[in-house]
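Written below as C-alpha cells is the structure these notes are about.
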C-alpha cells in the first residue's frame, strides 16, 4: 500500500476512450487525460495515484467520515458483505459486519458477476453509503433489498424495503440532502438471477425519494427510453440531482417538495457512482473492456478530462474497474476511488462537496 504510481499527462478528447477506437489492451500507468486546459485548476498535471487498500473482492461506496482526529474512510466490499474502515495511518479494520445481507442463508440472494474475467463472485454486501444531517450512516443493503440507517448505538433502522407493497430488488446507491431527504437507486443486483429471478417483484429499476416516512418513485427504466438507474448524487447547492441511467447521466431539477423535474441528459457515457466538488464539477466512474477511469465534467456539461486508472496484465487476472468516488481528508481534497480489488487516492486542488450538510458549509 501507499505506493505512488507515476502519472503521465496526455491531451485527448472523449473519442479516445470509446470502445470502438481503443487499441488492443496493453499495460499502462495511471494517466491524466486532459480534454480542456481548465482541468489543471482541479488537479496538478504531475499528480500520482496512491493505492490505499487492495486484495478486496469488490470495493464500492466510499465515504469520508469526519471526527475529532480528522476523519477516516469507510467503503463497502460487496463480495465480502462488510464495510471496512481505513484510518489516517493506513490501518484497515472492519467497520460493520453483515453490511448488506443479514439472513441465515446466502445461497439464493445477490446477483452473480465475474471478477477479473475468471472468478465468479456474488454481490451480497452493502453498496452505497451516505451520511445524513445528524451524522448517521445510511446504507444500501443490497442483498437484504433494503435501505437502512445505522444509529449511533449500532442498531439498524429500516428506511425502505417496499414500494407499493412490492419488495425492492437491490438498492444500489444513495445520497442524503441536508434537510434529511434520502434519494436512492434500486437495481436487480440484490437478486440471484438478476432480471429473471423468480424473487423479483418490481418489474422495473428506479430511483426513489424517502421523506417523512414515505417512499416516492421518481423515475427509472419503465419510462420510454429510460435506462436502469445506478449512481446518484447532488450538486453542491442541492438544486440538481444526478442519476446514472444506462449509458447516460441525467440531471434533474429538484423541486421545493424534493421531487424532481425537467430531466435532461448531462453526460453521454456509461457511468457508475459519482460525486461533485464545491465548484459543481461532476466526477463519474466507469469501466469496461479492460479500462477504467474517472470522468470530470463541468457544471455546464463540458468534458474536462479523465483520470485513467492503471492497467496491469498479470495473473491472477485483476478486474479493472472504477465503481465510485468520494472526497475526503481534513481538507476534503483527497479523491478516493473504489476500483474493484483496490481503493485509490488522488490529490485534488479543489475540495469536494460535503453531502448531507447545509450548502456552503464546506
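The values are calculated or read from the model by the stated rules, or taken from the named source; none is laboratory data. Owing to the predicted nature of the structure, the values given are computational and were not obtained by experimental measurement. Neighbour counts are summed over all protein chains in view; Cβ atoms, including those assigned to glycine, are modelled from backbone coordinates with ideal geometry.
The table below gives the values:
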{"quantity": "Which listed residue is assigned to a strand (DSSP E or B) and within 19 Å of the chain's Cα centre (by Cα), from 189, 127", "calculated": "127"}
{"quantity": "Region 213-223, subset modelled with pLDDT under 95 and out of contact with any strand residue (DSSP E or B) (no Cβ under 8 Å at 6 or more places or on another chain), residue surrounded by the fewest Cβ atoms within 10 Å (Cβ to Cβ)", "calculated": "213"}
{"quantity": "Within region 298-344, considering residues that are without any contact (Cβ under 8 Å) to a residue 60 or more places away in the chain and more than 16 Å from the chain's Cα centre (by Cα), the one nearest to residue 126 (Cα to Cα)", "calculated": "333"}
{"quantity": "In region 211-253, the residues that are outside any strand (DSSP E or B) and either in contact (Cβ under 8 Å) with a residue 40 or more places away in the chain or within 15 Å of residue 175 (Cβ to Cβ) (or both)", "calculated": "228, 235, 236, 237, 238, 239"}
{"quantity": "Filter result for residue 58 (more than 19 Å from residue 352 (Cβ to Cβ), more than 17 Å from the chain's Cα centre (by Cα) and touching a residue at least 24 places away in the same chain (Cβ under 8 Å))", "calculated": "no"}
{"quantity": "So residue 256, is it surrounded by 17 or more Cβ atoms within 10 Å (Cβ to Cβ), modelled with pLDDT of 95 or more, more than 15 Å from the chain's Cα centre (by Cα) and part of a loop (DSSP other than H, G, I, E, B)", "calculated": "no"}
{"quantity": "Output for region 157-170, where each listed residue is within 13 Å of residue 136 (Cβ to Cβ) and either in contact (Cβ under 8 Å) with a residue 40 or more places away in the chain or assigned to a loop (DSSP other than H, G, I, E, B) (or both)", "calculated": "159"}
{"quantity": "Qualifying residue in region 265-274 (condition: closer than 23 Å to residue 345 by Cβ and in contact (Cβ under 8 Å) with a residue 60 or more places away in the chain)", "calculated": "yes"}
{"quantity": "Failed condition for residue 175, given (1) surrounded by fewer than 19 Cβ atoms within 10 Å (Cβ to Cβ); (2) part of a strand (DSSP E or B)", "calculated": "(1)"}
{"quantity": "Among residues of region 318-354, those that are in a loop (DSSP other than H, G, I, E, B) and in contact with a strand residue (DSSP E or B) (Cβ under 6 Å, 6 or more places away or on another chain), counted", "calculated": "9"}
{"quantity": "Condition check for residue 325: touching a helix residue (DSSP H, G or I) at 6+ places or on another chain (Cβ under 7 Å), buried (at least 22 other Cβ atoms within 10 Å of the Cβ) and on the phi < 0 side of the Ramachandran plot", "calculated": "no"}
{"quantity": "Scan of region 262-290 for residues that are under 27 Å from residue 329 (Cα atoms), part of a strand (DSSP E or B) and at pLDDT below 95, ordered by number", "calculated": "286, 287"}
{"quantity": "Failed item in (1) farther than 12 Å from residue 129 by Cβ; (2) surrounded by 15 or more Cβ atoms within 10 Å (Cβ to Cβ); (3) in contact with a strand residue (DSSP E or B) (Cβ under 8 Å, 6 or more places away or on another chain); (4) modelled with pLDDT of 95 or more, with residue 95 passing the rest", "calculated": "(1)"}
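Yes/no matrix, rows are residues, columns are (1) closer than 27 Å to residue 63 by Cα; (2) out of contact with any helix residue (DSSP H, G or I) (no Cβ under 6 Å at 6 or more places or on another chain); (3) buried (at least 24 other Cβ atoms within 10 Å of the Cβ):
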residue: 164; (1), (2), (3): no, yes, no
residue: 180; (1), (2), (3): yes, yes, no
residue: 184; (1), (2), (3): yes, yes, yes
residue: 188; (1), (2), (3): yes, no, no
residue: 207; (1), (2), (3): yes, yes, yes
residue: 211; (1), (2), (3): yes, yes, no
residue: 225; (1), (2), (3): no, yes, no
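Yes/no matrix, rows are residues, columns are (1) over 24 Å from residue 132 (Cα atoms); (2) modelled with pLDDT under 95; (3) surrounded by fewer than 21 Cβ atoms within 10 Å (Cβ to Cβ):
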{"residue": "297", "(1), (2), (3)": "yes, no, no"}
{"residue": "312", "(1), (2), (3)": "yes, yes, yes"}
{"residue": "329", "(1), (2), (3)": "no, no, yes"}
{"residue": "333", "(1), (2), (3)": "no, no, yes"}
{"residue": "336", "(1), (2), (3)": "no, no, no"}
{"residue": "347", "(1), (2), (3)": "yes, no, yes"}
{"residue": "351", "(1), (2), (3)": "no, no, yes"}
{"residue": "357", "(1), (2), (3)": "no, yes, yes"}
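Residue-wise test of (1) surrounded by 21 or more Cβ atoms within 10 Å (Cβ to Cβ); (2) out of contact with any strand residue (DSSP E or B) (no Cβ under 9 Å at 6 or more places or on another chain).
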{"site": "69", "(1), (2)": "no, yes"}
{"site": "72", "(1), (2)": "no, no"}
{"site": "78", "(1), (2)": "yes, no"}
{"site": "87", "(1), (2)": "no, no"}
{"site": "90", "(1), (2)": "no, no"}
{"site": "120", "(1), (2)": "no, no"}
{"site": "126", "(1), (2)": "yes, no"}
{"site": "137", "(1), (2)": "yes, no"}
